[in-house]
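The values are calculated or read from the model by the stated rules, or taken from the named source; none is laboratory data. What you see is a predicted model, and the numbers here were worked out from it, not measured in a lab. Neighbour counts are summed over all protein chains in view; Cβ atoms, including those assigned to glycine, are modelled from backbone coordinates with ideal geometry.
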């Protein structure tokens, strides 16, 4: 089942989400539906608040990005992995590297807007996978960026929260257009 993605302006996108347990109703189906929703929207990540559920669940597909880069770019943006297709439940970032980098980010909930965001180059994250097995892993480069972006969704943070006040002010009209539903997407989206 493909869910509509909630657009910028929905209050749930600014809520801190709750942990779940392995008995969460229809968890396997929900995870499968999230993958279907994200793939339908040509996304590389999706967090449960983006489909209206305030729970600590998100998915990341950095493998597709890796596969679409040339060899030189793969070495730069994926220095120690070939991307992942992973489900993160009750994730907690326990360490951020001291090295940061800026790169363009967008979001399915904020269609057609991209801005540079500063993120840690690598992170250590503890989470449960789709089989509810506890994981403790280090990710770096683009994979770490994608994870941080989706993790932020479960913390009620959008990438726009990292922008400088002047940048946000200059984008105000674009934000209002999204809130009013005056943008087009190639995927189902639910405006305020």
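Just to be sure, is residue 167 surrounded by fewer than 21 Cβ atoms within 10 Å (Cβ to Cβ), assigned to a helix (DSSP H, G or I) and in contact with a strand residue (DSSP E or B) (Cβ under 7 Å, 6 or more places away or on another chain)?
yes
Which helices (runs of 4 or more DSSP H) sit wholly inside region 27-82 and have at least 1 residues that are out of contact with any helix residue (DSSP H, G or I) (no Cβ under 9 Å at 6 or more places or on another chain) and at pLDDT below 95?
The qualifying helices (runs of 4 or more DSSP H) are 71-77.
I'd like to verify a number: residues in region 91-110 that are buried (at least 18 other Cβ atoms within 10 Å of the Cβ) and either at pLDDT below 95 or assigned to a loop (DSSP other than H, G, I, E, B) (or both), how many?
So the answer is 2.
Scan (1) free of Cβ contacts under 8 Å to residues at least 60 places away in the same chain; (2) closer than 22 Å to residue 54 by Cα; (3) in a helix (DSSP H, G or I) for the single condition residue 86 breaks and write down its number.
(3)
Of the conditions (1) closer than 25 Å to residue 163 by Cβ; (2) touching a helix residue (DSSP H, G or I) at 6+ places or on another chain (Cβ under 8 Å); (3) touching a residue at least 60 places away in the same chain (Cβ under 8 Å); (4) surrounded by 18 or more Cβ atoms within 10 Å (Cβ to Cβ), residue 16 satisfies every one except a single condition; which number is it?
Here residue 16 clears every test but (4).
When residue 50 is evaluated against the numbered criteria (1) surrounded by 17 or more Cβ atoms within 10 Å (Cβ to Cβ); (2) within 16 Å of residue 6 (Cα to Cα); (3) without any contact (Cβ under 8 Å) to a residue 60 or more places away in the chain, which criterion, by number, is the only one it fails?
(3)
Need the failing condition index for residue 30 against (1) surrounded by fewer than 18 Cβ atoms within 10 Å (Cβ to Cβ); (2) free of Cβ contacts under 8 Å to residues at least 60 places away in the same chain, just the number.
(1)
Would you say residue 24 is surrounded by 15 or more Cβ atoms within 10 Å (Cβ to Cβ), farther than 30 Å from residue 181 by Cα and at pLDDT 95 or above?
Details: surrounded by 15 or more Cβ atoms within 10 Å (Cβ to Cβ): yes; farther than 30 Å from residue 181 by Cα: yes; at pLDDT 95 or above: yes.
Judged against the criteria, residue 24 is a match.
Can you pull out the residues in region 1-13 that are part of a loop (DSSP other than H, G, I, E, B) and surrounded by fewer than 14 Cβ atoms within 10 Å (Cβ to Cβ)?
Within region 1-13, just 1 meets the criteria.
I'd like the full set of residues that are more than 14 Å from residue 91 (Cβ to Cβ), without any contact (Cβ under 8 Å) to a residue 40 or more places away in the chain and surrounded by fewer than 22 Cβ atoms within 10 Å (Cβ to Cβ), limited to region 111-164.
114, 116, 120, 121, 122, 131, 161, 164
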